[in-house]
Amino acid sequence: MNVLIKSATIIDTKSEFHNQTLDILVEKGSISNIGKSLENPKNYNEISLDNLHVSQGWFDSSVSFGEPGLEQRDTIANGLKTAAYSGFSTVAMNANSHPVIDTNSDIVFVTSKSNNNAVTLLPIGALTRESEGVDLAELYDMKNAGAVAYYDYMKPITNANLMKIALQYASNFNGLVCSFPQDNKIAGKGVMNEHVTSTSLGLKGIPSIAEELQIARDLFLLEYTGGKLHIPTISTAKSVALIREAKAKKLDISCSVAIHNLFFDDSALNDFNTHFKVLPPLRIQSDIDALIEGVKDGTIDMVTSDHNPFNIEEKKVEFDYAAYGTIGLESAFGALQTIFSLKKTVDILTKGKQRFSTEGTPIAIGNSANITLFNPDLKYTFGKEHILSKSKNAIFEGAKLKGKAYGILNNNQLILNQK
């Protein structure tokens, strides 16, 4: 694929062209030239868009699509199209399908579904068989098929010895073990954050300590076993402090936070809108402040949309019975830019790849083109017309956002959102 990108402001701190507005010539999927007012003698397709900015391709460490088995929520093909239109050139896909992705052949199936796609899909295999938390899944076999990590999505490992063995076993082949941070015995039947709002609404709460105890346990295990541990979607101030302390001890630990846990507090549930029912739950402002500080100082390694589609029958029910989760790829960039500067937002969206066994590609002559195209200044209210997923459970519907992706250039393909 050959294309000439005109007058693009490059936001890439690892590139010598950072903060410069230049033309970028891409030939056969690689950057062949960068400069001012490049000529186009071969009459390549030219891209000239309003307030065009470019960066390294964005990465999301936690997305769910449904397929195989839950295609009514979304398919891999449409999920990857949604990711591309939303500016993401690489996504790590969770194992929470039906059947659960827990074997070598499951990984091969998922990978085959993403072959020849502009978006690079990194499959995450289940940590335990059928994500039931009883026996380890075929971790090494899945690694050989392309799995980049192991995670029972939104299901904590209650057996501490099983987590210990998982860390020890995976360390033999540098495998990344992920552990959902919740002690279910303490969380009980809670459906939202335990605080003033849950009391006023009469809903059972999930206390912060349910998350913090699980994280403390896993960090003790990691210190004992060694290995690599990733804790996805933390949500409390104490969790940030625990992980900061673990990093000071030089433990091989990383973590993420969901974008909506940086944006909304638990008062958003005052009208019982099930779009706001997520796990971990929305917390209070002091937690949000600590999470944002954790992102800024690097304690939190990555921010994820935690994109998780559900069809209407799973959300339009009584609050207690509604599924946990929201879609978020479409709103990720616009939400982050309401909290962080452009430079920090791009840094957030382009880091974390190495943790999941892939590398970033700086915008430089001779490198393959893995580029996100976007307008950082467009302000709008996120509505149904911005939803690209098959499912419509968008927590950001009605939110005021800033910045919108045009698309991506990756894997020798250009994908632009025409809307």
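The values are calculated or read from the model by the stated rules, or taken from the named source; none is laboratory data. Every value quoted in this text rests on a predicted model; they were computed, and no experiment measured them. Positions of Cβ are generated from backbone atoms using ideal geometry, with glycine treated the same way; all protein chains shown enter the neighbour counts. With ligands, DNA and RNA removed, areas are computed over all heavy atoms of the protein, side chains included. Shrake-Rupley method; radii C 1.70, N 1.55, O 1.52, S 1.80 Å.
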Worksheet item: For the stretch 165-217, which trypsin sites (Lys or Arg not before Pro) are both in a DSSP coil and crowded by at most 10 other Cβ atoms within 10 Å?
Response: Lys189
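Compute the accessible area per residue over the stretch 241-303, keeping the other protein chains in place, probe 1.4 Å, unit Å². Don't jump to the answer; show the numbers that get you there.
Working: 2250 Å² over 63 residues.
Accessible surface, normalised per residue, equals 36 Å².
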Fill in: Order by protection proxy (mean Cβ within 10 Å, highest first), peptides 8-20, 309-321, 91-103, 55-67
55-67, 91-103, 8-20, 309-321
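Wrap a convex hull around the Cα atoms of the stretch 317-401, take a quarter of its surface area, and give that in square nanometres. Show your work: numbers first, answer last.
Values: hull surface 32.6 nm².
Mean projected area for the stretch 317-401: 8.1 nm², to one decimal.
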Response to the item:
The whole-number value in µm²/s of the Stokes-Einstein translational diffusion coefficient for the stretch 59-205, with Rh from the Kirkwood sum over alpha carbon pairs at 10 °C and 1.306 mPa s, is 97
Worksheet item: Can you give me the Cα centroid spacing of the stretch 334-374 and the stretch 210-287 in angstrom?
Response: 23
Worksheet item: Using a cut-off of 20 Å between alpha-carbon atoms, which aspartates and glutamates can reach Lys6, once sequence neighbours fewer than 8 places away in the same chain are excluded?
Response: Glu16, Asp23, Glu27, Glu39, Glu46, Asp50, Asp377
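Percent of accessible area on the chain owned by carbon and sulfur, 1.4 Å probe? Mind dumping the intermediate values first?
Details: 8030 of 16530 Å².
It is 49 percent, rounded to a whole number.
Going down the table (Lys143/Lys228; Lys344/Lys402; Lys228/Lys344), which pairs top 19 Å between alpha carbons?
On the way: Lys143/Lys228 14 Å; Lys344/Lys402 14 Å; Lys228/Lys344 26 Å.
Listed pairs above 19 Å: Lys228/Lys344.
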Fill in: For the stretch 312-376, accessible area per residue (1.4 Å probe, heavy atoms of protein chains only), Å²
38
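When every alpha-carbon pair in the stretch 154-311 is counted, what percent end up more than 26 Å apart? Please report the intermediate quantities before stating the final value.
Values: 3113 of 12403 pairs.
It works out to 25 percent of all Cα pairs.
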Worksheet, complete the sentence: Whole-number value, in Å³ per residue, for the convex hull of the alpha carbons of the stretch 1-67 is 137
Item to complete: Would you calculate, for the chain, the mean residue ellipticity at 222 nm contributed by helices, counting each DSSP H stretch of 4 or more residues as -39,500 (n - 2.57) and dividing by all residues, to the nearest 500?
Response: -7500 deg cm²/dmol
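Tally Lys/Arg at +1 and Asp/Glu at -1 over every other residue whose Cβ is under 12 Å from the Cβ of Gln354; what's the total? Don't skip to the end; give the middle numbers.
On the way: positive: Lys228, Lys351, Lys353, Arg355; negative: Asp301, Glu359.
Every neighbour counted, the sum reads +2.
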Worksheet item: How far, in degrees from 0 to 90, does helix 104-113 lean away from the longest principal axis of the Cα atoms of the chain, to the nearest 10?
Response: 40
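Tell me, what is the percent relative contact order of the chain, built from C-alpha pairs under 8 Å that lie six or more residues apart?
Details: 1020 pairs, mean separation 84.2, N = 419.
Worked out over the chain, it gives 20 percent.
Taking the Cβ-Cβ separation of Glu130 and Ala160 as r and a Förster radius of 25 Å, what is the calculated FRET efficiency to the nearest 0.05? Could the numbers behind the result be given before it?
Working: r = 20 Å, r/R0 = 0.81.
With R0 = 25 Å, the Cβ-Cβ based efficiency is 0.80.
Taking the radius of gyration and the Kirkwood hydrodynamic radius from Cα positions alone, what is the Rg/Rh ratio for the chain, to two decimal places?
Values: Rg = 20.9 Å, Rh = 21.7 Å.
Ratio of gyration radius to Kirkwood radius for the chain: 0.96.
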Item to complete: Under 24 Å between C-alpha atoms is the cut-off here; go through the stretch 249-321 and count lysine pairs that meet it, provided they're at least eight residues apart or on different chains.
Response: 4
Worksheet, complete the sentence: With +1 at each Lys and Arg Cβ and -1 at each Asp and Glu Cβ, the charge dipole magnitude of the chain around its Cα centre, to the nearest 20 debye, comes out at 580
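Mind checking the per residue accessible area of the stretch 18-60 for me, 1.4 Å probe, whole number of Å²? Numbers along the way, then the final one.
On the way: 2190 Å² over 43 residues.
Ligands and nucleic acids excluded, the result is 51 Å² per residue.
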Discussion item. With only alpha-carbon pairs counted, each pair once and no self-pairs, how large is the Kirkwood hydrodynamic radius of the stretch 229-330 in angstroms?
Written reply: 14.3
Fill in: For the stretch 249-406, alpha-carbon Rg relative to the globular expectation (2.2 N^0.38 Å, N residues)
1.10
Discussion item. Below 17 Å, Cα to Cα, which aspartates and glutamates can Lys113 reach? Residues fewer than 8 away in the same chain don't count.
Written reply: Glu67, Glu71, Asp74, Asp102
